[in-house]
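Student: The structure under discussion is supplied below as structure tokens; questions concerning it will follow.
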Amino acid sequence: MKASARVVVIGGGVVGASVLYHLAKAGWSDVLLLEKSELTSGSTWHAAGGMHTFNGEANISRLQKYTIDLYREIEALSGQSCGLHPNGGLMLAANQGELDSLRLICSRARYLGMQTEMISLEQALEYNPLIDPSHFVGALWRADGGHCDPSGTTNAYVKAARTLGAAVERFTRVLALTPRRDGSWEVRTDKGTVHAEHVVNCAGLWAREVGHMVGLELPVLAMEHHYLLTEDIPELKGRSHELVNTTDYSGEIYLRQERGGALIGTYEPHGIVWSPLRTPDDFAMQLLPEDFERLAPYFEVGFRHFPALGRVGIRKAVNGPFTFAPDGNPLVGPVRGVPNYWVACAVMAGFSQGGGIGLVLSRWMTQGDPGQDIISMDVARFGAFATPKYTSIKVPENYARRFRLAYPNEELPAARPVRRSPIYDRLRDAGAVMGANFGLEHALWFAPPGVAPTETPTYRRSEAFPFVRAECRAVRAGVGLYETTNYGKYEVSGRGARAWLDRVFACRIPQPGRLRLAPMLNPAGRIVGDLSMACLAQDRFMIVGSGFAEEFHLRWLHAAAPPPDVCVRSSASTLCGVSIAGPRARELVQQLTRLDLSAGAFKLFQVAETAVGFAPAILTRAGFTGELGYEIWTTPDYFASLYEDLWQAGGAYGLTHFGGRALSSLRLEKGYGSFNKDFRPDYTPGETGLDRFIDFDKPDFTGRTAALAERAAGARRRFVIMEVADTDVEVVGYESILKDGAAVGYVTSGAYGHCIERSLAAGYVLAALAQDGARFEIDILGELRQATVRLEPLYDPQGLRLRS
Ligand SMILES: Cc1cc2nc3c(=O)[nH]c(=O)nc-3n(C[C@H](O)[C@H](O)[C@H](O)COP(=O)(O)OP(=O)(O)OC[C@H]3O[C@@H](n4cnc5c(N)ncnc54)[C@H](O)[C@@H]3O)c2cc1C
């Protein structure tokens, strides 16, 4: 075995094999894969090999397409067949909700350049004659996907990697990882020790244990999963084409041809966690005992929906374990606090996602950046809230929902409420319907007295619509209270804080008492943060951003190597906040503070540390609604008192609660983008419009060269708000934007603008097309709706109310 390698990849399943190949392809050929047993001996060998491009996140869909297209490349390079059956896919809908979901997939596929269309059930029968159409109302066909041979595919990656110089040691178990002072690793194995600059955890079923080797508790857990192989089916005899891989959502069944019979699998509602505490060391190339009794009712649904399956015998049953993260997407990337330790695990669809994961991880390692937004599979989308208990509840929930369609207004109930702010019960008493963001409960909308605080999952307008409208109008007409505790909050302090922030952020660093909008760029000049920075003192700053991105931003700030005289701390659990917004906000807040809040005395973007009612607080004049507004931050112990004071004083001004849904509507009326939806590392300052907050005169900040180059050349695309005509359904994200029939972009977010009475969609179009009044079409649930660009905010374009 080699004594050293630039990278040691731990695990020879399909994911480790892909990472090995991509690192070697990127030029890091001094890379060594260590496998404790035979290649594929974890979950890979018994997989059904199904592959598809479907994912709720457009960028992951793209990476899945990349994975599938890659197989021909590694076959050619390695001479090893991947056993491809590229026969496409069918998705069957049994009700209106599922049909809407398939239509949305079709709309998204247009811009992603994937061949996908809604077809009739008669056409579906041509692709799969086993379907009993009486159970379904519609179908989607897609050209991409099919299935491959799991072992052939893994070996093709490995052989291709070897041709590029990579090395593989089988039957070599990694026992321990010890960091050296220079950040490199001693990788101790049962065959000796290897010194490596980087290690990658691709240990699949053992990813948790390889996490423990460096003190990490990764949110990953294995579930048992069954599929059956039938005897030959007479209906398939003599057909010129194989069955198209078929997904039956209502039956929670997948199906494909396997020789003359079928392979049928199910994701049952009460799945079994496998090895909840520790994965056995000696488990390799093994299956688990079948449990037909438990699974019979679920397979019987399949036999009803595809009756020919029930008429033949079962040749073989497979029960094998594979891993999931709490939301079902992979965990990829570097981990804060553990330098040169990378993860690529919790991959539940290795044959659809393995290639894309290898691609982005290899870019990340060799170039310092994944090259695109991948936050929905970034390990940093989980934080401390994802404890083993949380994971043990969320993973089975996700497994049970694997084939249930996710509605845009749906909040999943398991492991909730976990993180609660001190006013959680009060908001619930006020009718709040809650969502969870980074584990923290936050109000989405408020059901008035007599209205049930629940919402039917739908792609269309829900029963919440009139109540969200009432909240929006109350804010614009009077004053509203929104809890901001779920924002990401950081404290940066110390003598070197100002100078360090000046390099990390692209904006001018505010002086004491001022707040600024603060974009953060990566070296490629793309947006990695859209935050606000309040200067509390020369050497003390409060930075606020997206709650979902808390760990992502902390990792970014730590990677920027704060010097010893700078302290960076998360204020996630030490600061709670509210936003008070609306024309009467000043009168209300003035009741509770001695600070002079008059327009001339406490201007937009001013900050003060002061008392608000009982609470020692940080008061900023800022907000996200476009109205006169204040954000008030205090510690958890004072937060309930602050809320009570505001609520008591607010009675006289008609203070109303508003939630996240109303905030989305209000911000889009003003044309404000939101991080993780509209602003992502896919976009640049010029494209997002955040360039206006950049201080281009600063001599040095991350991303400066790229941002200057873009400024000189002009932005290629532009973020725009569009008014959508004649619609009774709002966009939810990723719908294709069309010009003269061609997809030219996709929607990043949308809402009904309740105060301007228009349906709104945000997205990016080519800069040349981004003219006021320019007409596009958006494919919303299968219907093309006219969308008109509005370059000026549709509400208060001069910003007079904000500045009042
Ligand atoms: C029944 C079933 C059906 C499936 N069907 C499909 C499907 O149709 N399509 C699809 O895409 N996916 C499917 N999957 C999921 C698929 O199997 C996984 O996504 C994939 O195998 C994950 O690969 P991996 O490389 O991450 O993990 P693994 O395959 O578990 O590989 C991890 C490897 O790491 C090695 N290792 C662990 N610890 C150490 C150590 N300390 N030192 C050295 N080596 C170590 C292990 O021996 C193992 O070989 C299915 C899974 C099951 C169980």
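The values are calculated or read from the model by the stated rules, or taken from the named source; none is laboratory data. Keep in mind the model is a prediction, meaning the values are calculated, not measured. A quick note on method: Cβ atoms are made from the backbone with ideal geometry, for glycine too, and the neighbour counts reach across all protein chains shown. Quick note on the areas: whole protein, heavy atoms, side chains included, nothing else; ligands and nucleic acids left out. Shrake-Rupley method; radii C 1.70, N 1.55, O 1.52, S 1.80 Å.
Student: So what's the net charge close to T44: Lys and Arg +1, Asp and Glu -1, counting the other residues with Cβ under 12 Å from its Cβ?
Tutor: Residues close to T44 contribute a combined charge of -3.
Student: Would you mind checking the tilt of helix 350-367 against the longest principal axis of the Cα atoms of the chain, expressed as 0 to 90 degrees and rounded to 10?
Tutor: The angle comes out at about 60 degrees.
Student: Something else about it: In the calculated pair distance distribution of region 148-295, what percentage of Cα-Cα distances lie above 26 Å?
Tutor: 49 percent
Student: Report the extension gain between D772 and F283 in nm, rounded to one decimal, defined as 0.36 nm multiplied by the number of residues separating them, less their alpha carbon distance. Walk me through the intermediate numbers first.
Tutor: Values: separation 489, 0.36 × 489 = 176.04 nm, distance 6.24 nm.
Separation in residues times 0.36 nm, less the Cα-Cα distance, equals 169.8 nm.
Student: What whole-number value in Å² describes the accessible area per residue of region 226-342 for a 1.4 Å probe?
Tutor: 43 Å²
Student: Tell me the angle of helix 388-400 to the major Cα principal axis of the chain, expressed in degrees between 0 and 90 and rounded to the nearest ten.
Tutor: That helix lies at roughly 60 degrees to the long axis.
Student: Now, a different point. Using the Karplus curve 6.51 cos²θ - 1.76 cosθ + 1.60 with θ = phi - 60°, work out ³J(HN,Hα) for each residue of region 651-661 in order, rounded to whole Hz, and write x for Gly and Pro.
Tutor: For region 651-661, the Karplus curve yields x, 5, 10, x, 3, 10, 6, 9, x, x, 5 Hz.
Student: Multiplying the sequence separation of Q590 and E38 by 0.36 nm and subtracting their Cα-Cα distance, what value in nm do you get?
Tutor: The Q590-E38 span can extend by a further 191.7 nm.
Student: While we're here: Where the centre of each part is set by its Cα atoms, how far does region 373-444 sit from region 687-726, in angstrom?
Tutor: 33 Å
Student: What number comes out for the charge environment of D100, summing +1 per Lys or Arg and -1 per Asp or Glu over other residues with Cβ under 15 Å away?
Tutor: -1
Student: To the nearest 20 debye, what is the magnitude of the charge dipole of region 12-166 about its Cα centre, counting +1 on the Cβ of each Lys and Arg and -1 on the Cβ of each Asp and Glu?
Tutor: That gives a dipole near 440 debye.
Student: Carbon-plus-sulfur fraction of the accessible area of the chain, 1.4 Å probe, in percent?
Tutor: Numbers: 14950 of 29710 Å².
Here carbon and sulfur together make up 50 percent of the probe-accessible area.
Student: About the Cα centre, and with charges only on the beta carbon of Lys, Arg (+1) and Asp, Glu (-1), how big is the dipole of region 206-275? Nearest 20 debye, please.
Tutor: 200 debye
Student: If you don't mind, there's one more thing I want to ask. Using a/c under 1.5 as the rounded threshold, could you call region 704-804 rounded, prolate or oblate? The axes a ≥ b ≥ c are square roots of the C-alpha gyration tensor eigenvalues, and prolate needs a/b larger than b/c, oblate otherwise.
Tutor: Verdict is oblate for region 704-804.
Student: May I ask which residue of V789, V544, A447 lies farthest towards the positive end of the charge dipole of the chain, with charges of +1 (Lys, Arg) and -1 (Asp, Glu) on Cβ and the Cα centre as origin?
Tutor: V544
Student: Now, a different point. For a test of the definition: using alpha carbon positions, the gyration tensor, and the 1.5 limit on a/c, classify region 596-670 as rounded, prolate or oblate.
Tutor: Working: a/c = 1.65, a/b = 1.20, b/c = 1.38.
Since a/c reaches 1.5 but b/c is at least a/b, the shape of region 596-670 is classed as oblate.
Student: Now a separate question. Roughly how tilted is helix 550-559, in degrees to the nearest 10 and between 0 and 90, from the longest Cα axis of the chain?
Tutor: Roughly 90 degrees between the two axes.
Student: Also, quick follow-up: By the gyration tensor of its Cα atoms, with a ≥ b ≥ c the square roots of the eigenvalues, what is the shape of region 533-600: rounded for a/c under 1.5, prolate for a/b over b/c, or oblate?
Tutor: Numbers: a/c = 3.20, a/b = 1.98, b/c = 1.62.
Prolate.
Student: Taking only Cα atoms of region 179-263, what ratio of Rg to Rh do you get with Rh as the Kirkwood inverse-distance radius? Let's see the in-between values first.
Tutor: Working: Rg = 22.4 Å, Rh = 17.5 Å.
Taking Rh as the inverse mean 1/r over Cα pairs, Rg/Rh reads 1.28.
Student: For H305, what charge total do you get from the other residues with a beta carbon under 11 Å from its beta carbon, if Lys and Arg give +1 and Asp and Glu give -1?
Tutor: Taking every Cβ under 11 Å from that of H305, the sum is -3.
Student: So, one more: In nm, to one decimal, how far is the R803 label point from the A477 one, both placed 7 Å along Cα→Cβ?
Tutor: Rounded to a tenth, the inter-label distance reads 2.8 nm.
Student: If one puts a single equal scatterer on every Cα of the chain and applies the Debye formula without solvent, what log₁₀ I(q)/I(0) results at q = 0.06, 0.09 Å⁻¹?
Tutor: -0.39, -0.91
Student: Follow-up. Excluding ligands, DNA and RNA, what is the solvent-accessible area per residue of region 522-583 at a probe of 1.4 Å, expressed in Å²?
Tutor: Per-residue value: 32 Å².
Student: Moving on to the next point. Using the beta-carbon distance between L412 and F465 and R0 = 35 Å, what value does 1/(1 + (r/R0)^6) give for FRET efficiency, to the nearest 0.05?
Tutor: 0.95
Student: Would you work out the charge dipole size for the chain about its Cα centre, treating the Cβ of every Lys and Arg as +1 and the Cβ of every Asp and Glu as -1, and quote it to the nearest 20 debye?
Tutor: So the dipole magnitude of the chain works out to roughly 1800 debye.
Student: If r is the Cβ-Cβ distance from T193 to Q367 and R0 is 30 Å, what FRET efficiency results, to the nearest 0.05?
Tutor: Given R0 = 30 Å and the Cβ-Cβ separation, E is 0.55.
Student: Determine the gain in length on full extension of the stretch E117-R72; use 0.36 nm per residue of separation and subtract their C-alpha separation, reporting nm with one decimal.
Tutor: Working: separation 45, 0.36 × 45 = 16.20 nm, distance 2.47 nm.
Gain on stretching E117 to R72: 13.7 nm.
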